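A.B. asks: Got a structure here, written out as structure tokens. Questions coming.
The values are calculated or read from the model by the stated rules, or taken from the named source; none is laboratory data. Just so it is clear, the structure is predicted and the values come from calculations on it, not from any experiment. Here the Cβ positions follow ideal geometry from the backbone for every residue, glycine too, while neighbour counts run over all protein chains shown.
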Ligand SMILES: [Zn+2]
């Protein structure tokens, strides 16, 4: 059997989180809106209307270019892609064909412990269509134009992706970039981030015929669809068949890809320059000014996290939450020592995540997290106490205040601890005998008793040390 | 004369979502072919040294700040000429 290797290219559509739509002032957030309420003559394409470019979308693209290590086109322009469908009021989509705003970049992905560059051919701006729904069993469809005119960026990779795992990593990395730059809300359930996967397989250096898997909207489905499609193509070739160049959809319930006869070919779209929109020229100083607002890129955070020996899952938890990254960066600069920074990460990927599940308005800052870690490190409080007050800190309390307020300072004072331990020894003759006759396991019982009596405020290593000493007397 | 076949006319009609009868196809074929002849004539013009133009206003950087402006016209009025509505949606022939 031949060794077939897959080659994958990905097109991602990310909705831009602008306030208003791409070419009109309609509200771009229609999550809670009734159908056909965020509309105007421009996005409905009523006669005599003209589009005007949203500068916010241009700025977001300029930021994205930095995230993709890419060039910003100094001159960028728009084109029309013509097609008729009920979700498109104009009968064409305004997009970018000849002069996309972002060109020649790359995204670094971490696979098998090494960084690999995936080329970004280009990324361009365009507008979304309205939303079509097909009520079950009905002989009609329904259109909501609230989404018509929402700005999108389409991110087109080079065919540099060589496995399902790499494809998954690439999608995750691009997702991290667009969300951490505040360019996309990343709400995948609402279709903020969707992708098409171009897949071919080959057992030689010549590329095979590719199929396009359209409209996937979850990482998990991307993985399943790719695995299925690669296996399907291998089976076709192995049985002497040929792969047809076609568009295929993914059926989630049946877990198969299926052929979708597409009615239109690329040249059927009759692209031509959009006459209603003059070109945009961008000076280097303007590009620099916009890009200087970016404080941190996810890839830099990932490299930090790799150095702290975090596994990929832990890295992804942090990287998927721009606000948590900001906390991490602040804690990192306050703590400085790698072993303490690692502790900050543990808090953020552990306890903090469970609290976030219920507390949607957290007030944790990097500074306070660092303070909490320092309090444990310097022995002022035990790590157990730290855990017990963490929720209060996330709710907005200052660590040293809450420790003082609740009287939670760790008991490390020898004489105080010795008194407590002596009393426990007197009260528990049986375990004491057990210990003295060689059963070292009862030590845990004694330590537990001390913790109970000090409400967890005793310094555990000190307790251990004193306990052993006093039991031997 | 660049003569388009009836199949090609049929395809253009499909892309434009226009239904043509057999008679209309024949008429459209000769009319569109004559338009293409005219395009041929234009294409024979000597354009050496002429800059490619898709914009004639000379404007650049016409844009607006990213601010929400509620449309002054009520959605109901904007959709007043829609033939069929249901629960706020525009009702269309079944697609897919
Ligand atoms: Zn609008």
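Residue-wise test of (1) under 28 Å from residue A:168 (Cβ atoms); (2) modelled with pLDDT of 90 or more.
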{"residue": "A:264", "(1), (2)": "no, no"}
{"residue": "A:271", "(1), (2)": "no, yes"}
{"residue": "A:294", "(1), (2)": "yes, yes"}
{"residue": "A:323", "(1), (2)": "yes, no"}
{"residue": "A:340", "(1), (2)": "no, yes"}
{"residue": "A:343", "(1), (2)": "no, yes"}
{"residue": "A:358", "(1), (2)": "no, no"}
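A.B. asks: Let me confirm something: among A:270, A:261, which residue is over 31 Å from the mean Cα position of the chain (by Cα) and closer than 24 Å to residue A:99 by Cβ?
C.D. replies: A:270
A.B. asks: Which one of A:375, A:471, A:364 is buried (at least 16 other Cβ atoms within 10 Å of the Cβ) and more than 21 Å from residue A:335 (Cα to Cα)?
C.D. replies: On inspection, the qualifying residue turns out to be A:471.
A.B. asks: Additional query: Test residue A:57 against the stated conditions and say whether it is outside any loop (DSSP other than H, G, I, E, B), at pLDDT 95 or above and within 12 Å of chain B (Cβ to nearest Cβ).
C.D. replies: Yes: the conditions hold for residue A:57.
A.B. asks: Further question on the same structure: For the range A:18-37, give me each residue that is surrounded by 21 or more Cβ atoms within 10 Å (Cβ to Cβ), more than 7 Å from the ligand (Cβ to nearest atom) and more than 8 Å from every other protein chain (Cβ to nearest Cβ).
C.D. replies: A:22, A:23, A:30
A.B. asks: Let me ask you something else. Check B:60, B:47 and return the single one that is in contact with a strand residue (DSSP E or B) (Cβ under 6 Å, 6 or more places away or on another chain) and under 30 Å from residue A:280 (Cα atoms).
C.D. replies: B:60
For (1) modelled with pLDDT of 95 or more; (2) over 23 Å from residue A:192 (Cβ atoms); (3) away from the ligand (no atom under 16 Å from the Cβ), each residue gets a yes or a no:
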{"position": "A:40", "(1), (2), (3)": "yes, no, no"}
{"position": "A:50", "(1), (2), (3)": "yes, yes, no"}
{"position": "A:96", "(1), (2), (3)": "yes, no, yes"}
{"position": "A:121", "(1), (2), (3)": "yes, no, yes"}
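A.B. asks: Select the helices (runs of 4 or more DSSP H) contained entirely in the range A:389-452, then report the ones holding at least 3 residues which are surrounded by fewer than 16 Cβ atoms within 10 Å (Cβ to Cβ) and touching a residue at least 40 places away in the same chain (Cβ under 8 Å). Don't jump to the end; show me each part of the working.
C.D. replies: Working: elements: A:399-406, A:414-427, A:429-436.
In the range A:389-452, the matching helices (runs of 4 or more DSSP H) lie at A:414-427.
Residues are listed down the side, and each one gets a yes or a no for (1) within 14 Å of the ligand (Cβ to nearest atom); (2) in contact with a strand residue (DSSP E or B) (Cβ under 9 Å, 6 or more places away or on another chain); (3) part of a helix (DSSP H, G or I); (4) at pLDDT 95 or above:
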| residue | (1), (2), (3), (4) |
| --- | --- |
| A:6 | no, yes, no, yes |
| A:43 | yes, yes, no, yes |
| A:64 | no, yes, yes, yes |
| A:69 | no, yes, no, yes |
| A:80 | no, yes, no, yes |
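A.B. asks: Identify the residue in the range A:133-178 that is out of contact with any strand residue (DSSP E or B) (no Cβ under 9 Å at 6 or more places or on another chain) and without any contact (Cβ under 8 Å) to a residue 12 or more places away in the chain and, among all such residues, is nearest to the other protein chains (Cβ to nearest Cβ).
C.D. replies: Residue satisfying both the conditions and the ranking: A:138.
A.B. asks: Within the range B:63-72, can one find any residue that is over 30 Å from residue A:17 (Cβ atoms) and touching a strand residue (DSSP E or B) at 6+ places or on another chain (Cβ under 6 Å)?
C.D. replies: Within the range B:63-72, not a single residue is over 30 Å from residue A:17 (Cβ atoms) and touching a strand residue (DSSP E or B) at 6+ places or on another chain (Cβ under 6 Å).
A.B. asks: Of all residues being within 16 Å of the ligand (Cβ to nearest atom) and outside any strand (DSSP E or B) in the range A:139-157, which is nearest to the chain's Cα centre (by Cα)? Just the residue, please.
C.D. replies: A:150
A.B. asks: How do the helices (runs of 4 or more DSSP H) wholly within the range B:1-84 filter down when requiring 2 or more residues that are surrounded by 10 or more Cβ atoms within 10 Å (Cβ to Cβ) and either away from chain A (no Cβ under 12 Å) or away from the ligand (no atom under 16 Å from the Cβ) (or both): which remain? Give the steps one after another, and end with the answer.
C.D. replies: Numbers: elements: B:6-15, B:22-43, B:75-78.
The helices (runs of 4 or more DSSP H) meeting that bar are B:6-15, B:22-43.
A.B. asks: Okay, next question. Name the single residue, out of those in the range A:85-114 being without any contact (Cβ under 8 Å) to a residue 24 or more places away in the chain and within 26 Å of the chain's Cα centre (by Cα), that is nearest to the other protein chains (Cβ to nearest Cβ).
C.D. replies: Just the residues of the range A:85-114 that are without any contact (Cβ under 8 Å) to a residue 24 or more places away in the chain, to begin with: A:92, A:112-114.
With within 26 Å of the chain's Cα centre (by Cα) added as a condition, the list becomes A:112-114.
Values: A:112: 41, A:113: 41, A:114: 40 Å.
By that ranking, first place goes to A:114.
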